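Each remark here refers to the structure printed beneath this line.
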Amino acid sequence: MSVDSSDPIDQTAAEDLTAADVMTPLSRTCSPFSTVTEAVMIFKEEDSDMVPVVDAGKSVGVVIDRDIALAVADDPDLADRPVSEIMSKDVPSVAVDASLESVVRTMTAANSRLAMVVDAGSNLLGVVTWTELAKRLPIDAVTAILDAGESAEVNEP
(Lines give C-alpha, C1' and ligand atoms only; values in the text may rest on other atoms or scores of the structure.)
Protein backbone atom coordinates (compact mmCIF):
# COMPACT_ATOMS: atom_id res chain seq x y z
CA MET A 1 0.00 0.00 0.00
CA SER A 2 1.41 3.40 -0.88
CA VAL A 3 1.90 5.69 2.08
CA ASP A 4 1.41 9.43 2.02
CA SER A 5 3.59 10.67 4.86
CA SER A 6 1.54 13.87 5.14
CA ASP A 7 -1.56 11.90 6.19
CA PRO A 8 -1.03 10.04 9.49
CA ILE A 9 -4.03 7.78 8.92
CA ASP A 10 -2.42 6.39 5.73
CA GLN A 11 0.46 5.14 7.85
CA THR A 12 -1.87 2.79 9.72
CA ALA A 13 -2.28 -0.72 8.31
CA ALA A 14 -5.67 -1.22 6.67
CA GLU A 15 -6.44 -4.08 9.02
CA ASP A 16 -6.15 -1.72 12.01
CA LEU A 17 -8.48 0.95 10.65
CA THR A 18 -12.10 1.32 11.67
CA ALA A 19 -15.11 3.05 10.15
CA ALA A 20 -14.35 6.07 12.35
CA ASP A 21 -10.91 6.38 10.75
CA VAL A 22 -12.20 6.62 7.18
CA MET A 23 -15.63 8.19 7.58
CA THR A 24 -16.50 11.69 6.53
CA PRO A 25 -18.04 13.33 9.59
CA LEU A 26 -21.40 14.92 9.00
CA SER A 27 -21.60 18.64 8.64
CA ARG A 28 -25.12 18.89 7.21
CA THR A 29 -28.15 16.64 7.03
CA CYS A 30 -31.80 17.12 6.19
CA SER A 31 -35.03 15.68 7.56
CA PRO A 32 -37.50 13.51 5.63
CA PHE A 33 -39.70 16.62 5.44
CA SER A 34 -37.00 18.85 3.91
CA THR A 35 -37.78 19.85 0.35
CA VAL A 36 -35.75 18.77 -2.63
CA THR A 37 -34.72 22.42 -3.02
CA GLU A 38 -33.31 22.41 0.52
CA ALA A 39 -31.30 19.28 -0.28
CA VAL A 40 -29.97 20.88 -3.48
CA MET A 41 -28.89 23.94 -1.48
CA ILE A 42 -26.95 21.65 0.87
CA PHE A 43 -25.29 19.98 -2.14
CA LYS A 44 -24.22 23.41 -3.34
CA GLU A 45 -23.11 24.81 0.03
CA GLU A 46 -21.22 21.67 1.04
CA ASP A 47 -19.87 20.88 -2.44
CA SER A 48 -21.27 17.38 -1.99
CA ASP A 49 -23.21 14.91 -4.09
CA MET A 50 -25.23 13.45 -1.22
CA VAL A 51 -27.09 14.48 1.90
CA PRO A 52 -27.97 12.06 4.70
CA VAL A 53 -31.60 12.17 5.79
CA VAL A 54 -32.07 11.87 9.55
CA ASP A 55 -35.00 11.75 11.91
CA ALA A 56 -34.28 12.28 15.62
CA GLY A 57 -30.57 11.69 14.96
CA LYS A 58 -31.15 8.35 13.26
CA SER A 59 -30.39 7.71 9.60
CA VAL A 60 -33.51 7.06 7.54
CA GLY A 61 -31.96 7.42 4.11
CA VAL A 62 -29.83 9.50 1.81
CA VAL A 63 -30.53 11.87 -1.06
CA ILE A 64 -28.02 11.67 -3.89
CA ASP A 65 -27.78 14.27 -6.62
CA ARG A 66 -28.38 11.52 -9.19
CA ASP A 67 -31.69 10.64 -7.47
CA ILE A 68 -32.84 14.20 -7.99
CA ALA A 69 -31.62 14.36 -11.58
CA LEU A 70 -33.50 11.17 -12.45
CA ALA A 71 -36.66 12.15 -10.56
CA VAL A 72 -36.91 15.57 -12.21
CA ALA A 73 -37.50 13.88 -15.58
CA ASP A 74 -40.69 12.32 -14.18
CA ASP A 75 -41.77 15.28 -12.04
CA PRO A 76 -40.74 18.76 -13.20
CA ASP A 77 -42.38 20.22 -10.07
CA LEU A 78 -40.10 18.25 -7.78
CA ALA A 79 -38.49 21.26 -6.06
CA ASP A 80 -41.12 21.64 -3.32
CA ARG A 81 -41.66 17.93 -2.68
CA PRO A 82 -40.20 16.29 0.44
CA VAL A 83 -36.93 14.40 0.02
CA SER A 84 -38.63 11.34 1.56
CA GLU A 85 -40.32 10.80 -1.81
CA ILE A 86 -37.03 10.28 -3.66
CA MET A 87 -34.42 9.34 -1.06
CA SER A 88 -32.72 5.96 -0.99
CA LYS A 89 -33.95 4.16 2.11
CA ASP A 90 -31.94 0.93 2.04
CA VAL A 91 -28.57 2.39 2.97
CA PRO A 92 -26.42 0.05 5.07
CA SER A 93 -25.13 1.09 8.49
CA VAL A 94 -21.94 0.12 10.27
CA ALA A 95 -20.77 0.64 13.82
CA VAL A 96 -18.25 3.40 14.39
CA ASP A 97 -15.71 0.80 15.55
CA ALA A 98 -16.34 -1.66 12.68
CA SER A 99 -13.21 -2.92 10.93
CA LEU A 100 -12.65 -1.94 7.31
CA GLU A 101 -13.20 -5.55 6.32
CA SER A 102 -16.62 -5.44 7.99
CA VAL A 103 -17.42 -2.12 6.31
CA VAL A 104 -16.45 -3.49 2.90
CA ARG A 105 -18.48 -6.66 3.43
CA THR A 106 -21.53 -4.66 4.52
CA MET A 107 -21.33 -2.29 1.56
CA THR A 108 -20.71 -5.15 -0.87
CA ALA A 109 -23.59 -7.24 0.49
CA ALA A 110 -25.92 -4.24 0.12
CA ASN A 111 -24.48 -3.35 -3.30
CA SER A 112 -24.02 0.18 -1.96
CA ARG A 113 -21.48 2.90 -2.67
CA LEU A 114 -21.70 4.15 0.89
CA ALA A 115 -22.44 3.15 4.47
CA MET A 116 -23.76 5.24 7.32
CA VAL A 117 -21.57 5.17 10.43
CA VAL A 118 -23.55 5.03 13.65
CA ASP A 119 -22.77 5.02 17.37
CA ALA A 120 -24.03 2.50 19.92
CA GLY A 121 -27.37 4.37 20.09
CA SER A 122 -27.76 4.20 16.29
CA ASN A 123 -27.17 7.95 15.98
CA LEU A 124 -25.61 8.95 12.67
CA LEU A 125 -22.00 10.14 12.96
CA GLY A 126 -20.66 10.05 9.42
CA VAL A 127 -20.51 8.34 6.06
CA VAL A 128 -18.00 5.92 4.51
CA THR A 129 -17.75 5.88 0.72
CA TRP A 130 -15.95 3.59 -1.71
CA THR A 131 -13.74 6.55 -2.56
CA GLU A 132 -12.45 6.75 1.00
CA LEU A 133 -12.02 2.99 1.21
CA ALA A 134 -10.07 2.94 -2.05
CA LYS A 135 -7.64 5.49 -0.57
CA ARG A 136 -6.94 3.22 2.40
CA LEU A 137 -6.95 -0.27 0.90
CA PRO A 138 -4.50 -1.84 -1.54
CA ILE A 139 -5.92 -1.76 -5.06
CA ASP A 140 -5.79 -5.56 -5.35
CA ALA A 141 -7.94 -5.86 -2.21
CA VAL A 142 -10.52 -3.42 -3.59
CA THR A 143 -10.55 -5.23 -6.94
CA ALA A 144 -10.92 -8.63 -5.25
CA ILE A 145 -13.78 -7.34 -3.14
CA LEU A 146 -15.59 -5.85 -6.11
CA ASP A 147 -15.01 -8.99 -8.20
CA ALA A 148 -15.84 -11.57 -5.56
CA GLY A 149 -18.55 -9.87 -3.53
CA GLU A 150 -18.92 -11.03 0.06
CA SER A 151 -16.37 -13.85 -0.16
CA ALA A 152 -13.31 -11.60 -0.58
CA GLU A 153 -10.89 -10.95 2.27
CA VAL A 154 -9.28 -7.61 3.02
CA ASN A 155 -5.58 -8.20 3.66
CA GLU A 156 -2.49 -6.06 3.48
CA PRO A 157 -0.09 -7.20 0.74
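The values are calculated or read from the model by the stated rules, or taken from the named source; none is laboratory data. Just so it is clear, the structure is predicted and the values come from calculations on it, not from any experiment. Please note: Cβ atoms are built from the backbone with ideal geometry, for glycine as well, and neighbour counts cover all protein chains shown. SASA here: full protein model, heavy atoms, side chains in, ligands and nucleic acids out. Shrake-Rupley method; radii C 1.70, N 1.55, O 1.52, S 1.80 Å.
Evaluate the relative contact order of region 32-140 (contact order divided by residue number), counting alpha-carbon pairs under 8 angstrom at least 6 apart; express in whole percent. Spell out each step's value before the answer.
Working: 150 pairs, mean separation 24.4, N = 109.
It comes to 22 percent, rounded to a whole number.
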D74 paired with A109, simple spin-label distance in nm, labels 7 Å along Cα-to-beta-carbon: 2.9
Taking 0.36 nm per residue of separation and subtracting the Cα-Cα distance, what length does fully extending A120 through R28 add? 31.0 nm
Counting only residues 5 or more places away or on other chains, whose amide H sits under 5 Å from the amide H of A98 once H atoms are built in the peptide plane? A19, A20
Mind listing the long-range amide H neighbours of V117? Cut-off is under 5 Å, sequence gap 5 or more, other chains count too, H placed in the peptide plane at 1.01 Å from N. V94, L125, G126, V127, V128
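Rounded to a whole number, what % of the accessible area of region 29-69 do carbon and sulfur atoms account for, probe 1.4 Å?
Answer for region 29-69: carbon and sulfur cover 54 percent of the accessible area.
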E15 to S93: FRET efficiency via 1/(1 + (r/R0)^6), r the Cβ-Cβ distance, R0 25 Å, to the nearest 0.05? 0.70
